[in-house]
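In what follows, a structure is listed as structure tokens, so that the remarks can point back to it.
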Amino acid sequence: MIRHFSFAAENPHKVASALAEIFGGRVVSFPAHAGGFMALSGNAHGTSIEVYPMSVELAPNAESGFVEFRENPSPSRYTPTHAAISVPANQEKIQAIAAREGWSARRCQRGPFDFIEFWVENRVMLELFPPELEPDWTRLGPPPGMR
């Protein structure tokens with residue numbers, strides 16, 4: 001089960017606020033890094049998304065091996081980072097939030113399931129499963145070899 005994940009954004013507060021709205025949760029400042037924010041879902045699992053400024057990189061510290069926050073003055077605008085997330089907001093609300101923010105959102109069909117391809121800042125893709133599309137995903141069951 002995924003508890004949280006993170007990615008960088010041009011406007012971390014705006015992104016975290018929009019995601020918190022889709023989750024039906026709230027946004028808070030991220031205490032480990034100034035300028036970062038967390039979209040908290042408020043669900044029983046404490047699921048959240050951390051949103052950092054574009055210039056932030058996470059790297060292992062050469063001495064301790066633990067994570068350190070570094071600044072990259074020339075970050076790429078795109079990333080392969082993405083996630084599939086079940087959300088309480090319906091398709092209409094998701095698309096309204098995307099339209100309000102100027103982001104792309106469209107319903108996609110990939111094999112046996114549909115989802116909303118939601119492009120945060122038109123650069124980071126989230127695959128959102130609103131309640132009306134969730135059954136398509138869960139009907140798949142566990143992957144072969146894990147049944």
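The values are calculated or read from the model by the stated rules, or taken from the named source; none is laboratory data. Since the structure is predicted, the reported quantities are computational estimates derived from the model, not experimental observations. Note that each Cβ is placed from the backbone with ideal geometry, even for glycine, and that neighbours are counted across all protein chains shown.
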Among all residue pairs at least 6 apart or on different chains, which show Cβ distances below 6 Å where the first residue, located in region 1-18, is under 10 Å from I49 (Cα atoms) and the second is of a type in the set (V, I, T) and assigned to a loop (DSSP other than H, G, I, E, B)? F7/T81
Between R3, R106, which is in contact with an Asp or Glu (Cβ under 6 Å, 6 or more places away or on another chain), under 24 Å from D136 (Cα atoms) and either surrounded by fewer than 14 Cβ atoms within 10 Å (Cβ to Cβ) or modelled with pLDDT of 95 or more (or both)? R106
Which residue pairs have Cβ atoms under 7 Å apart, sit 6 or more places apart or on different chains, and have a first residue in region 113-136 that is within 15 Å of E92 (Cα to Cα) and without any contact (Cβ under 8 Å) to a residue 24 or more places away in the chain and a second that is among the hydrophobic types (A, V, I, L, M, F, W, C) and surrounded by fewer than 16 Cβ atoms within 10 Å (Cβ to Cβ)? D114/C108; E117/C108
How do the pairs read when you match residues in region 53-76 that are in contact (Cβ under 8 Å) with a residue 12 or more places away in the chain and within 11 Å of H33 (Cβ to Cβ) with residues anywhere that are surrounded by 10 or more Cβ atoms within 10 Å (Cβ to Cβ) and hydroxyl-bearing (S, T, Y), using Cβ under 6 Å and keeping only pairs 6 or more apart or on different chains? E71/S55
Based on this model, can you work out whether V56 counts as surrounded by 14 or more Cβ atoms within 10 Å (Cβ to Cβ) and within 12 Å of the chain's Cα centre (by Cα)? no
Is it true that A20 is of a type in the set (G, A, S), part of a loop (DSSP other than H, G, I, E, B) and either touching a Leu at 6+ places or on another chain (Cβ under 9 Å) or loosely packed, with under 14 Cβ neighbours inside 10 Å (or both)? no
Does A8 qualify as being of a type in the set (G, A, S), at pLDDT 90 or above and part of a strand (DSSP E or B)? yes
